[in-house]
Structure formats: C-alpha cells, structure tokens
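*Asks:* The structure that follows is given in the form of structure tokens.
Laboratory data are not the source of any read-out in this text; all were calculated from the coordinates shown. Here the structure is a predicted model, which means the values were calculated and not measured. Cβ atoms come from the backbone with ideal geometry, glycine included; neighbour counts cover every protein chain shown.
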Amino acid sequence: MRIFKALKRSLAVLILISPSLSAQVNQHLQGNEEDYEAALELLEKQQYGNAQLIFDRIADNPSYGDEKRMNARYFAAYCAIELYHGDIEERVEEFAQMHETSPLQNRLWLRYANNLFSLKRYRQSIPYYEKVDPYALNAEQKAEFQFKWAYALLQDEQSSPAQELFLKLKDGNSAYANSARYYYAHLLYADSSYAEALNNFLPLQEDPNFGPMVPYYLAHIYYALEDYNKLVEVGEELIANASESRAPEIAKLLADAFYSRKDFANTLKYLNIYQEKGGRMSLKDHYQAGYSYYREDLYAEAIRSFNKITAGPEELRQNAYYHLGDAYLKVGEKNQSMVAFKAAADLNHSPEITEDASFNYVKLSYELASPFKDAIEVLQDFLRRYPNSKHKKEINGYLANIYITTKDYDRAMEAIKVSGINSPEMRGIYQKIAFYRATELFNSLKFAGALKKYEESRAYPEDKDLANLALYWIGECQYRLRDYESSRKSFQNFRAGKGAAAQAVYARSYYHSAYCAYKIFDFKAAADDFRIFARDAKTQDPRKADAYLRLGDAYLLTGGYLLASDFYQKAIQANSVESDYAHYQRAVCLGLDEKQNEKVLELKTLLGKYSRSVYAEKAKFELGLTYLHMDDYANSLQVFKEFENEYPNSDRLLEVQLKQGLIYSNRDQNEMAITVYKEIVDKYPGTQEAYEAIRLAEIVYKRERNITAYLDWVATIEFMDIKESALDSTAYSAAFDIYAEGNYEAAYQSLDNYLSRFPNGVFMQEAQFLAADAALRTEKKAEAYTLYAALEHSNNREYKLAGLPFLAAQDFADSNYALARERYDRFARLAESKEQLLRARTGLMRCADRLGDDDALLEQSSAVLNMDQVSDNLRNEAKRYQAMVYFRRENYDQSFQIFSQVQKATAGATKAEAYYLMALIRQKQEKYDSSNALINKMIEALPSYREWKMKALLLMARNFWKLDDIFQANYILDFIISSEDNVELVDQAKALKTEIQDAEARAIAEKEALLRKQESPILLDAEGDLQLLDSPGEDIPMEEPEIIEK
C-alpha cells in the first residue's frame, strides 16, 4: 500500500525561564556582589554576550562561593544557548558533570533540547529530552516537552515511542492536544490502523490548523476501509477545492470507488480527470478504463485502453485481452479481434475464459485466415484440448466445410490424410482440394507441380465430371511442358469422357489439341481440329481468328494453297490482330497457286494498309521477286530500287543486288549485270552471295562468248580456288545429307569436321547455322552459343533471327545483362513477325530491370503492353515492372494503381507480392488502417505464401504501433520472433520491438517529468515541513468478465 510521507512543520519555541529572572536568581544566590548583580541585569536586558563574560569570570573565581559559581555556570550556559554558540554542548555537559544533583541541571537539559529542536536537529535533541525529569515541570511545560520529544522521535522515524507520547497528550486540555491527536492519527494511518485513525481524525475536521488536511486522510481511509459511499461523499467535495497537484490523487480514489460500485460512467469521469491533471495510468488503471468503456458500450474507447496492457499479472492480461477481443468484434474489426482472443486463449488463469476465448479465436480463424496457424490446425487443436466442449459439433462442422473452402490446399490435404481418407465423402473432398491446388499452381506457372496435383485429384474420382475436367488440365500442363504428344492424347481422352461435351472447355480442347498436332508437324490432324474449333467458336472469341490463321498455315505447309488462301482471308475478315501476317501469307499462297496478279494486289494491299508492319520489308522484297517471276523486269527493277532506298540497312540488300544483276542479265544488259556482280564480289568477298555472283557472272560471260575475260577476272579473286571449291561443295553436301536425315549428333560432328577442314569455305555460314541447330538439338548449348555468335554479324537475316534470341537468352541466364540487351536490341530491329518483336521487347524489358535502368524499363514495358496478343502473364509482368519503377520514384499513387491491377489479375507469389507492396505504399502514405486491410486480405487469400505473410505481419506491427495499438503490435512481433526461421526478419522484428519500447519509455519519462514539475506538497501551514506518507495500495478489485455469448 502507499503511505503518505511526513509533512514537516515548524513549531514555536517556548522560553523555559520564569517571567522574572531576578526573582529566580534570588532563590538560589546569596550575596549581592556588584559584578554578579551587573551580570543578572545584563541577562534581564538580553545582552547575553556581555552577561556571559561576567558569569564566566565569576565561575572561574574561587573567591565566590560554590553556589554562586554553580549559578554563574548555569547562566553562562544559558547565555550560550541564547547566542547559539558552538560550545553549548560542552557547557551543558560540563555543568551536568559538576552539579549532578542541582535542579538547574534538569532545566538546562530541557533548554538545550528545545534549542536543538528549534534548529530542527531532532535526532540530537532526543537524548536530552530523555534526560529531562517531567515531574519537575509544570503542566504547560510538561505538555510542550512531551509534544516536542514525540515530534523529534517521529522525525527520527521512531514511530512507536512517538505514538505513546502523542497518545498521552491528545486527550488533554493543553495547547498541544489537537496537534498530538493529528500526529497520533497519522501514525495510526501509517500503521494501517484505519478505524482508530478515523476516530482520531474526525474530531479535527473543524480545527483551523488541521481541518484542511483531514479530508485527504479521510478519503484514503474510507478507500482502505472500502466505505465507498463515505469516500464519494468526502472526495467529491474535496476534489472541487483541491489544488492542481492534488486533484489527480483524489480523482484516482474516486474512480476506484465508483468502479467498485459498478458506476462506470463516474469511473470514467474521474479517470479522465486523473489523466488530465497529469496522473500516470498504471496497467490496472488502463484495465479499469477499458472495462468501464466496455460496459458503457463505448467500444472504440475500450479498445484504446485495453491495448495499453501488454504486461502485468496473468489475471489482468487475460481479462483485458478477452474483453478487447469482444470490443474489436463489436466494431467489426475481426482480424484484431482474432489476435486478442488468441492472446486470451494462450493464458490459463481462468479455464473458463481460456476455453471461451479459444472458441472465439477458432470461429474467427475459420471465417478469416489466421496469420498464426492455418484454420484446420486451429480447429483440430481446439478439439484435442476440449474433447467434451459444448461447441464440439459446431467445430466439426467448420472442420468439414473448411476442407473445401480453404485456400491453403497443401495443408488441407495433409490434414485430410492424417484424419483419414477412407470414406467416400472425404475422398470427394480430397479430390476437390487437390484439383484446386493444381489450379493454383497452374496459375502460378508451376506446370510440373500442377500436373502432379491434377493426377493426384484423378486418383480419387468420386466426382466423375471433375475427374474428366482434370484430364483436360493435365493436357494444358503437358502442352506448356512441351510434351505435345502426351498433351494431345490427354485432350482426346478428355473429349472421349462421359459428359465432356457439357464442359465449358470442350470446344477449347480442340484448339489446344490442334496446336499439339501443329507442334509435332502433324498438319492434317491440326487442320481437322482447328476446323472443328473454328466452326463451333463464338465470333467474339479471339481464338477463332487465330484458328483461321493456323488453318491457313497448316494447309499451306501441306500444299493446299487454295484452302490456305481462303482461311487467311477469313482471318482478315475476322479482324485478326495479325491481319498483316494473313495478307502476306495469302499472297504467298496465291503465288504458289500461280495467281501472280492476285499475289501482286495482295502484297500491295499489305503495303498500303500496314506500311509500318514487320512484314512490310518482306512484302516489298516478295513484290520485286513476283514481278521478276512474271518477267516484268521494269516493275521488278523499280521495286528493288525502292527497296534499297526504303530499307538501306536491310540484310536483304545483297540479295536485292543479285536480283538486279539477274534482271539486267535477262534483259540482255550484260555489261550492267557484270558490273553489279563484280561490285558484290568486291564489297563482300568470301560470302555466299559473292560466290553466287561469280556463278551468275560466269553465265553472262559465256553468253557473251568471252570466257577468257571471266577466267582473267576470277584469277584476280583471292578467295576463289576452283579445285578447292569443288572439294568444299562435296564435303558440305555430305554433312547436309546427314542433317536432313535427322541424325543430329552425327550431323554436328560432320559439320564440325567441314568447318575445321574449310574454315573459309563457300558454305561456311550454312554449315555454322546447321551445326548450331544440331548442337541445340543434342544439348550442346556452349557449342551452339559459339556457332551462333560467329553468325550474328552475318548478312543472312535468317541466321541472325535464329541466333540472336538464343544468344541473348544465354547471356541473360549468365547474368551478362548488358550484352543480352545489346543482342535483344538487334533482334528487335530485325524482327519479321510480331512474335519475334514481342520476344525481343520482353528480353529488353527484363534486361532493363536487371540493369536498374528505370527509364528503359518504363519504355520497354510500355512497348510490350502496347503489342497485340500479349499473354496475361507477360502483361502482368510488364505492369509489375512499371509499378516497381513508380514505387522507387515515390510516385505512390501511380504505383498503387498498377499494383492493384496486377493483384487482381494474378495468382500465387506474384499476387502476394502485389498485396505486400500495396500495403507498404499505404504505410508510407500513413494510411495505416488501409495498409492493415490489404494485409488481412492477402493472408486470407494466400495463406500458404509464408514468406510474404511474415513480411506483411512485420508491416502490420508497425501500422498498429502508429495507430497507438501497442497490444496488437507487440503480440504480432512476439509471434514473428518466436516462430520465424528467417534471421533477417527476426532481427527486424526485434529492432522494431525495441524501437516501440524505447518510444513508450520516453513518453512515460516525459509525462513523469511534467508531473514532477506540477507537484506541490500538502502543507499544514506556510512554515510546515511534515509530509504525509504514501496512500494505501492500488489493490483494485478485478472485474470478473461474463462469458460472451455469440
């Protein structure tokens, strides 16, 4: 209990000599010597210094009698006391030794004791008071003597003898009676004798000196005696007149009194006064406030009070957390309610509260998603702990339902295995959960894992339709894993299943099985399935136009040029996003069907409508070839000249020049033709085109019957060796035949031998290209890299288009992002199809990300997003990059908007990351409630992504701290620290916990410093210095909670 410290009070000093000194002296002296009389006269006039000098001479003069000398010593000591000389004690002790039997000795001790008392040297005064003979004193002197002795003992903390002396005085009629009663009552109060103290304080209520003090004691005594009605009566009047520094003390007593009377409104009134006046709230005070708010249905205020309780006795914490959980529930904050109920359930002071809190935690875990344990484990834990609970049936119902509704599928499946999978009902549930988990993995692009789970789902075919649907998705997984033959069979088996035609994916299965056939070059089967899909697909389905394109490709590759042309036309009419491709392919078909005029018109249509298309360059080149094929040399030459102007950096320029030479030759402009061929040989020595130019020039020279000129010219060509050229051709042909047979291991060796034998051979580039392909097909990536690298600056567009994406991908995989970006950039400039351009831009985007080039990352991600036929996964990847750039640039609104799109469109880890970063953005914007809401959604939607969940919980802890919810913050941090094996995350949690504790400690210290400045002791009077001891203890009765009925 608290005790009030003693309040010091000075008391007036009473002179203990009679009114007439001379009369007193005459009773003891004989003789009237002049010096002695003069000294007495000086003493009477209070000229103590001069009097003392004369008395000292008399005392030392043997001619005076013993009695006069004794009296002189007495008066000399008396003068020393009055003068406060330093030799007082010596004079007093000397007198006592010399005159042991003198009655003056008693008076000198009393005088010296009172002198020490007046100097507040209480401890030194006590031995002299003890020497005084009280029987030698009159009533008034005796009362003063006893009071001062008692007071000195009190100041020396000798309470028992002081109390006995005050007891003797308090009921008397002396001037010290009320003072003695006050201090006697105070000592009883300090000794917890409250009833007797009360009886002694009550008579002092009207005393002018002590009356103002008494109500403070009465308030504390009534509090200690639990007489709350009397306390309220005294306290309410007292607080109205209390000083600023005393108001908190009285307000606290009144708050406790009203709380004990279950008057919660007044409890809150006086607790608020206590706080407003600078009182420091203890843990019990916070509980008292929280419970009072709770009982007054002020739940938000109750929450603020309860969440201050993060330590203290287990009883206090369990009651607080239990009511905190229900208060959160009342205001709709279910996630916070779940945390509070779990905290109450983790404590065992009250078994009844523990069970009910556990039940509420279980229900909320079922409804939401517990960040601490998965709901199945929580439900099972409850049944193990409380096998006979009245809630058992309800919990079992939750458990059965959650197997289907939970999104933490792996743990759900494991839980079903543990609990038993023998019944048809449980097998059916397991089938569904395995299917859902497979779908989740599929959406996360984890196709191998998804395939395994779909097959696991089919192992329990309780639902036949679902088992057959799993077969369809098995085909999807196999396709993405490039197992096209297996995928094709899975789609066929799905369609053969009972009821498959009623499934929404039935028509789509033809589309996918068609692609499987297409990938393994079974173009007839591909065309059959594409036609079925295109027949049944809805007009607005974008796959329908794509099916028309692939039908065109399939028939083109199998020689059905007319059909191919028709399907390309249908793709154009269906507004295919690849209409430019369809125009080009249709032109090719018309040309193969010898409809050259129609081909020319189709190519011109493409060039007119899609002049910036990736197919425009090819179309221009093909138009020139078509005119050449039609022997329309003038138009052909004109088109090729236009090509040179429009595409000056094209790698088709050499071929265009060869065609121009051929046109000149066909028009018998032989000199012009030879000039063109010679320019090619001179500019591009040793290339395939140079060799071709030499061959064509030979034909022109023979036509001119000028073979000598040809031979003379060839002799000047350094790289031309006719004999070696023949061997070169033979060696390459042999290697090519092996490659054409599909024996890629042998083909690689043969081509490698050719390149070793003819390092500058006529077919060097062709051999490098075929060897690179053979190396890739036989898993020789390093060799393929070297070969493609040798071709990347070739003039052959086909070789570069094949090699650059492979080289860039390998560079990227090796973390050589700068070189990868350079190669992807060149690939983008060469791209002939939208697929190639998309691949290049995707690579450029990823390289920019790895290189930290945010400007380029924004540019390339925007380029990807602006393209047609971008997959959802790639679109979301590009958006994620953009959101990250805006986040790094602190453009939080833009970043949040894009992350929100990513979150809605993705699944798995990408979705979890988006949720986390959205929550982080809201935290940076100081929107802590919004941040917490996002975290709760993430945990509910994606409970199995532990890494993101734990990082998000760390965010949530800081949010709660900023929201002044210390309980939630500390509970979450303790959970992270105790359960996380990520050392870095644990260290961050510990650091945040320390930061919170330091901040709270600083706040308390600042408040206490302010309170100390405001403190002023309660004084008896202006000169008083006796302090009250501490008040009674704070053993506030704990309000036992009622079990909450839900």
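*Asks:* So how much slack lies between N173 and N760, counting 0.36 nm per residue of separation and subtracting their Cα-Cα distance, in nm?
*Replies:* Contour length minus Cα-Cα distance gives 197.7 nm.
*Asks:* Related question: Compare the peptides 789-796, 288-295 by average per-residue count of other Cβ atoms within 10 angstrom and give them in order, highest first.
*Replies:* Ranked by mean Cβ neighbours within 10 Å, highest first: 288-295, 789-796.
*Asks:* How high is the relative contact order of region 725-955, in percent, counting Cα pairs under 8 Å that sit 6 or more residues apart?
*Replies:* 8
*Asks:* In this model, which of K330/K407; K363/K446; K432/K937; K342/K993; K68/K120 are farther than 25 Å apart at the alpha-carbon?
*Replies:* The answer is K330/K407; K363/K446; K68/K120.
*Asks:* What distance in nm separates the simple spin-label points at N891 and A38, each placed 7 Å from Cα in the Cβ direction?
*Replies:* Placing both labels 7 Å beyond Cα along the Cβ direction yields 11.0 nm.
*Asks:* Relative to the present Cα-Cα distance, how much length would full extension add between D87 and S871 at 0.36 nm per residue of separation?
*Replies:* Going from the current span to full extension adds 271.5 nm.
*Asks:* If I fit a long axis through the Cα atoms of helix 744-757 and take the longest principal axis of the Cα atoms of the chain, what angle between them do I get, 0 to 90°, rounded to 10?
*Replies:* 80
*Asks:* Name the residue from N209, A863, I402 whose Cα lies farthest towards the positive end of the charge dipole of the chain, charges +1 on Cβ of Lys and Arg and -1 on Cβ of Asp and Glu.
*Replies:* Ranked along the dipole, the leading option is A863.
*Asks:* Taking the Cα centre of region 191-301 as origin, sum charge times position over the Cβ atoms of Lys and Arg (+1) and Asp and Glu (-1), and report the length of that vector in debye to the nearest 20.
*Replies:* 320
*Asks:* Treating cross-link reach as a plain straight distance, find the aspartates and glutamates whose alpha-carbon is under 16 Å from the alpha-carbon of K544, omitting any fewer than eight places away in the same chain.
*Replies:* D528, D529, D536, D553, D566, E578, D868
*Asks:* Give the lysines reachable from K780 as a straight Cα distance under 20 Å; neighbours fewer than 8 places away on the same chain don't count.
*Replies:* Straight-line reach from K780, under 20 Å: K800.
*Asks:* Tell me, in nm to one decimal, what length is gained between E157 and S389 on full extension, where the rule is 0.36 nm per residue of separation less the Cα-Cα distance?
*Replies:* Separation in residues times 0.36 nm, less the Cα-Cα distance, equals 77.6 nm.
*Asks:* Mind pulling the angle between the C-alpha long axis of helix 375-385 and the longest principal axis of the chain? Nearest 10 degrees, somewhere in 0 to 90.
*Replies:* For 375-385 against the chain, the angle is about 50 degrees.
*Asks:* Would you please state the base-10 log of I(q)/I(0) at q = 0.09, 0.10, 0.17 1/Å for region 655-787, with intensities from the Debye formula using one equal scatterer on every alpha carbon?
*Replies:* Results for region 655-787 at q = 0.09, 0.10, 0.17 Å⁻¹ read -0.34, -0.41, -0.88.
*Asks:* May I pose another question? Using +1 at the C-beta of Lys and Arg and -1 at the C-beta of Asp and Glu, which of N891, A905, F763 has the Cα lying farthest in the positive direction of the dipole of region 725-955?
*Replies:* After comparing all options, I get N891.
*Asks:* Under 8 Å for C-alpha pairs, at least 6 residues apart: give me the relative contact order for the chain, rounded to a whole percent.
*Replies:* Relative contact order here is 10 percent.
*Asks:* In whole Hz, what ³J(HN,Hα) sequence does region 475-491 give by Karplus (6.51, -1.76, 1.60; θ = phi - 60°), x for Gly and Pro?
*Replies:* x, 4, 5, 4, 4, 6, 8, 6, 9, 5, 5, 5, 4, 4, 5, 5, 5
*Asks:* Tell me whether region 51-162 comes out rounded, prolate or oblate; compute the Cα gyration tensor, take square roots of the eigenvalues as a ≥ b ≥ c, and use a/c under 1.5 as the rounded threshold.
*Replies:* prolate
*Asks:* When the distances between all Cα atoms of region 404-476 are binned every 10 Å from zero, what whole-number percent does each bin get?
*Replies:* Using 10 Å bins, I get a P(r) of 23, 55, 20, 1 for region 404-476.
*Asks:* Under a Cβ-only charge scheme (Lys and Arg +1, Asp and Glu -1), can you give me the dipole magnitude of region 87-173 about the Cα centre, in debye to the nearest 20?
*Replies:* My answer is approximately 300 debye.
*Asks:* Here's a follow-up. To test your reading of the geometry: what angle, between 0 and 90 degrees and rounded to tens, separates the Cα axis of helix 139-155 from the longest principal axis of the chain?
*Replies:* Approximately 20 degrees, to the nearest ten.
*Asks:* Additional query: Taking K and R as +1 and D and E as -1, what net charge do the other residues with C-beta under 11 Å from the C-beta of G591 add up to?
*Replies:* -2
*Asks:* Between E859 and E462, what is the FRET efficiency for a Förster distance of 60 Å, r being their Cβ-Cβ separation, to the nearest 0.05?
*Replies:* 0.70
*Asks:* In addition: For region 867-923, which GluC sites (Glu not before Pro) are both in a DSSP coil and crowded by at most 14 other Cβ atoms within 10 Å?
*Replies:* Answer in residue order: E890.
*Asks:* Next question, about the same structure. For region 85-147, what does the alpha-carbon gyration tensor say about shape, rounded, prolate or oblate, given a ≥ b ≥ c as the root eigenvalues, a/c under 1.5 as rounded, and a/b over b/c as prolate?
*Replies:* oblate
*Asks:* So I have (1) 52.9, 182; (2) 42.4, 148; (3) 30.8, 111, and one of them is Rg and Dmax of the Cα atoms in Å calculated from this model. Which one is it?
*Replies:* (1)
*Asks:* Could you name the lysines whose alpha carbon sits less than 18 Å from that of K595, not counting residues in the same chain fewer than 8 places away?
*Replies:* Within reach: K604, K620.
*Asks:* About its Cα centre, what dipole magnitude does region 725-955 give when the only charges are +1 on Lys and Arg Cβ and -1 on Asp and Glu Cβ, stated in debye to the nearest 20?
*Replies:* The calculation lands at about 1040 debye.
*Asks:* Within 10 Å of each residue's Cβ, count the other Cβ atoms and sort V864, V505 from fewest upward.
*Replies:* V505, V864
*Asks:* Once a ≥ b ≥ c are taken as the square roots of the eigenvalues of the Cα gyration tensor of region 725-955, is the result rounded (a/c under 1.5), prolate (a/b larger than b/c) or oblate (a/b not larger than b/c)?
*Replies:* Note, shape of region 725-955 comes out prolate.
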